[in-house]
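The values are calculated or read from the model by the stated rules, or taken from the named source; none is laboratory data. All figures in this text were calculated on a predicted structure; none of them were measured in a lab. FYI the Cβ positions are ideal-geometry reconstructions off the backbone, even for glycines, and counts take in every protein chain you see. Calculation scope for accessible area: heavy atoms of the full protein, side chains included, ligands and nucleic acids excluded. Shrake-Rupley method; radii C 1.70, N 1.55, O 1.52, S 1.80 Å.
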Amino acid sequence: MSGVDEKRAGFNLKAPGASGASSLHLPGRADFPRLDEHLVVPEVTRDEVIKGRRVVAMPADAPHGDQHFRLDYVVGAHVAPGYEGSTELLTRVSKHSDFASDACIRKAGNDPATGSRYLEEVAFEVVSTQGEGDVTEKAEEMHERGVRRIFAIFVKGPRRVCEWSPKSRRWTPLDAGARIEDSCLVTPLAASALLDAALADNAVVEALIAKDNPVYLERVAAAKADGKAEGRAEGKAEGTADAILKVLEARGVAVSQAQREEILRCSDLARLSRWLVRASLATSAEEVTAEN
């Protein structure tokens, strides 16, 4: 992020309530402006405001853009019923801050207390060229507003996933095997899936399973049906091959080990049926398995 010109168009630093909308008051906490009472113009300017300091959310380069794409892919699949996921959702988090996290999850619908959308409960930030000071200030502001959990994915240097700790006021790295468990997620999200493309695919499949995705269930049912049909066919083939050998044995026709294995190895039911008919008349095993 970088600073912007004082006269930059689209930036409007208003006093709380200047638009005529009432501020939200949370018991035991400071007054907050409405979530949608913005200091900047959504989808018009790249400006954001962090603690009264104006910054620009610049277009991403490959490390940031790639990670952001993976973040949306994985988190989007994990959103639980009754919740909504968003990308770059502009939120007025305080009197002097109006900015967006890279991805977030909030309760679906509108908050009856305010008539507008719910505040995000979980937020994710991708940190590349952005200074850690900026993302730390954003975490402090989001937590103060009421965002329950805030995660940062650092893509420069040692790539890692961290969670903001309000108690220690610092970013706490998650272990390689850590799984993020939360009521807004349909199933625990593997932190490693946010960093690795292959693990991201695995995590998305786990989420689809947890959601009882109908396409996934159809594929599983079809695979089971195919397996049962194949099993029945294999069983019938084995039974027919065994019958051929028994007929030849009963008629005193010699069968070599190689011929026995050829008959038992065959899975073509039509061929085995022909061999069974021949077995009742043939004078040698060669006549049974002959191609003509």
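Measuring from label point to label point, each 7 Å out along Cα→Cβ, what is the Leu217 to Glu261 span in nm?
It is 4.8 nm.
So how exposed is Lys236, as accessible area in Å² (1.4 Å probe, rounded to 10)?
Solvent-accessible area, nearest 10 Å²: 130 Å².
Out of Leu90, Leu199, Leu269, any idea which swings most in a Gaussian network model of the chain, alpha carbons joined below 10 Å?
Fluctuation is largest for Leu269.
How many Å² of accessible area per residue for segment 146-292, probe 1.4 Å?
61
GNM, the chain, Cα, under 10 Å: largest mean-square fluctuation among Asp242, Asp175, Asp111?
Of the options given, Asp242 has the highest mean-square fluctuation.
Pick from Arg271, Arg92, Arg117 the residue whose mean-square fluctuation is largest in a GNM of the chain, springs joining Cα atoms under 10 Å.
Arg271
Excluding Ala62 itself, calculate the net charge of residues whose Cβ lies under 13 Å from the Cβ of Ala62, where each Lys or Arg counts +1 and each Asp or Glu counts -1.
0
Tally Lys and Arg at +1 and Asp and Glu at -1 over the other residues with C-beta under 11 Å from the C-beta of Val127: what net charge comes out?
Charge balance near Val127 sits at 0.
With runs of 4+ DSSP H residues as the only contributors, calculate the mean residue ellipticity of the chain at 222 nm using -39,500 (n - 2.57) per run, divided by the residue total and rounded to the nearest 500.
Calculated from helices alone, the mean residue ellipticity at 222 nm is -12000 deg cm²/dmol.
Any idea how many Lys pairs in the chain come in under 29 angstrom at the alpha carbon, given 8 or more places apart or on separate chains?
Value for the chain: 27.
Could you work out what % of the accessible surface of segment 148-292 is carbon and sulfur, using a 1.4 angstrom probe and leaving DNA, RNA and ligands out of the count?
Of all accessible area on segment 148-292, carbon and sulfur atoms account for 53 percent.
Counting just the Cα atoms, what span does segment 114-172 cover along each of its three principal axes? Round to the nearest Å and put the largest first.
Cα spread of segment 114-172 along its principal axes, largest to smallest: 43, 22, 16 Å.
What does the charge count around Val155 come to, taking other residues whose C-beta lies under 13 Å from its C-beta (Lys +1, Arg +1, Asp -1, Glu -1)?
Spelling it out: positives minus negatives among the neighbours equals -2.
Just to be sure I understand: if I project the alpha-carbon convex hull of the chain onto a plane and average over all orientations, what area do I get in nm²?
The orientation-averaged projected area of the Cα hull of the chain comes to 24.4 nm².
Helix 62-78: angle to the longest alpha-carbon principal axis of the chain, degrees 0 to 90, nearest 10?
The angle comes out near 70 degrees.
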